[in-house]
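The values are calculated or read from the model by the stated rules, or taken from the named source; none is laboratory data. This is a predicted model, so every value here is computed, not measured. With ideal geometry, Cβ positions are generated from the backbone for all residues, glycine too; neighbour counts draw on all protein chains shown.
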Protein chains: 2
Amino acid sequence: MATRSRTPKRPLKKRTSASDRLYEWIRREARSFFHDSRGSHAWDHTERVLQLCLRIGRKEKADLGILKLAAVLHDIGRSEEDRTNGKVCHSEAGAALARTILGAHGVPEDTITRVAHCIETHRFRKKTVPATKEAKVLFDADKLDSIGAVGIGRAFLFAGEVGARLHNKDRDIAKTLPYTKEDTAFREYMVKLRWVKDRIFTREGRRIAEERHRFMVEFFDRLDKESDSAL
Amino acid sequence: MATRSRTPKRPLKKRTSASDRLYEWIRREARSFFHDSRGSHAWDHTERVLQLCLRIGRKEKADLGILKLAAVLHDIGRSEEDRTNGKVCHSEAGAALARTILGAHGVPEDTITRVAHCIETHRFRKKTVPATKEAKVLFDADKLDSIGAVGIGRAFLFAGEVGARLHNKDRDIAKTLPYTKEDTAFREYMVKLRWVKDRIFTREGRRIAEERHRFMVEFFDRLDKESDSAL
């Protein structure tokens, strides 16, 4: 017995398929686009979106292979948008970059098309609406990361990055401008974040959104009251 | 009747005493120290601290005249601390500046001493402990503005200003450094903010602190869970 128990065991080697290896390779390539990103749009946002995609994607019975590729690649156009002060749209640029990267790895054309559609439509605009299940899941996951406690943190972090004030509840938000001292977390909440939950496509996404939304509303309500020394 | 109602009324003129005018003058002078402050330590922090001082000061039956002067002047040494990368302590520098300003306005020596003590001791260190009722109220008001929703907002804003990440719950906080990518809101919470409520002096301050603390704990708990896609 003693001898047997001392026999070294062969370590369990995790089987990795060719598609796992390809995914890991593409994930590393995607990450390299984020080496000088600011905190509010850093790689950790992609990691959270990936986790949300898997969570929602399983419930929605989406194609997780497509989703994983779309999630890790969805924001690789962000640095181009930042560099051009918003002239280049990061979802369009990202989809183009993704096509090139996936093509270079010999990914089938059908897969490329499906992944690129997710990336192209993850930023909601009239001309590009998510049409597939996977595109809807990515859209939802990306938006969910902008609300709740994570969304609040990201909004203030961004405000700090652009030199904005803590709060501007007494300003007419319609007259405030982005990338100025008035580009506060509260502005982002008023202009964008408070509408997010109504634009979610999937059932599981809506469930998460409603819970995160409730907390975000409570936060900004408290921020007002504390600012007036009423809490 | 019609003629009478059209008779112009003499506008009510608010009576301002010499001490009101002096206070307004000193308040403007204090504000001038903040023209290039970052959002997390801007003049609006002073305004919130002033309101909290009045709220707590009334309950504690503190001298509101002393408190108002101490509140508006309490952070005027902040820019000197920032300029010297922390070598100059802003409460010591602020107290010295306050003595000069108040002296130049002919404020009685006893008042100057009482105001300067508040400013000198508002940053808790062993060698300078708030000894008077007014100093304790200012200390509490300043600390209360670092917790709750306002405290959370200020912590992320500061993180954005120094280029920190959104979150670093998986790092050993003891090994992280201030003014780096690891100087996150979570670090500030772990190192400082979660202990604030236990250091409050006044009864009303403790009541406010406990309520704000509860919300702050809930926020960081949510931030962890959302980051792991568990909420």
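Just one residue in the set A:A71, A:A62 is touching a residue at least 12 places away in the same chain (Cβ under 8 Å) and not in a loop (DSSP other than H, G, I, E, B); that residue is A:A71. What number of residues within the range B:207-230 satisfy the criterion of being surrounded by 14 or more Cβ atoms within 10 Å (Cβ to Cβ), among the charged types (D, E, K, R) and touching a residue at least 12 places away in the same chain (Cβ under 8 Å)? Number of matching residues: 3.
Yes/no per residue for (1) buried (at least 24 other Cβ atoms within 10 Å of the Cβ); (2) facing another protein chain (nearest Cβ under 8 Å); (3) in contact with a helix residue (DSSP H, G or I) (Cβ under 9 Å, 6 or more places away or on another chain):
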{"position": "A:K133", "(1), (2), (3)": "no, no, yes"}
{"position": "A:D140", "(1), (2), (3)": "yes, no, yes"}
{"position": "A:F156", "(1), (2), (3)": "yes, yes, yes"}
{"position": "A:E161", "(1), (2), (3)": "no, yes, yes"}
{"position": "A:T176", "(1), (2), (3)": "no, no, yes"}
{"position": "A:Y179", "(1), (2), (3)": "no, no, no"}
{"position": "A:A185", "(1), (2), (3)": "yes, yes, yes"}
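Residues in the range A:163-174 that are surrounded by fewer than 17 Cβ atoms within 10 Å (Cβ to Cβ) and under 25 Å from A:R214 (Cα atoms): A:K169, A:D170, A:R171, A:D172, A:I173, A:A174. Among the residues examined, A:K197 does not qualify as surrounded by fewer than 23 Cβ atoms within 10 Å (Cβ to Cβ), within 27 Å of B:D44 (Cβ to Cβ) and basic (K, R).
Among helices (runs of 4 or more DSSP H) lying entirely in the range A:121-211, which contain 2 or more residues that are over 17 Å from A:A71 (Cβ atoms)? Qualifying helices (runs of 4 or more DSSP H): A:148-161, A:185-191.
Please enumerate the residues belonging to the range B:78-100 that are out of contact with any Cys (no Cβ under 8 Å at 6 or more places or on another chain) and either acidic (D, E) or closer than 20 Å to B:D63 by Cα (or both).
Across the range B:78-100, the qualifying residues are B:E80, B:D82, B:E92, B:A95, B:A98, B:R99.
Residues of the range B:142-153 that are under 14 Å from B:F220 (Cβ atoms) and within 9 Å of another protein chain (Cβ to nearest Cβ): B:G148, B:A149, B:G151, B:I152, B:G153.
Note on the range A:189-206: residues that are without any contact (Cβ under 8 Å) to a residue 60 or more places away in the chain and either among the aromatic types (F, W, Y) or within 12 Å of chain B (Cβ to nearest Cβ) (or both) amount to 2. Exactly one residue out of B:I101, B:I112, B:I76 is farther than 23 Å from B:K143 by Cβ, modelled with pLDDT of 95 or more and either in contact with an Asp or Glu (Cβ under 8 Å, 6 or more places away or on another chain) or in a loop (DSSP other than H, G, I, E, B) (or both): that is B:I101.
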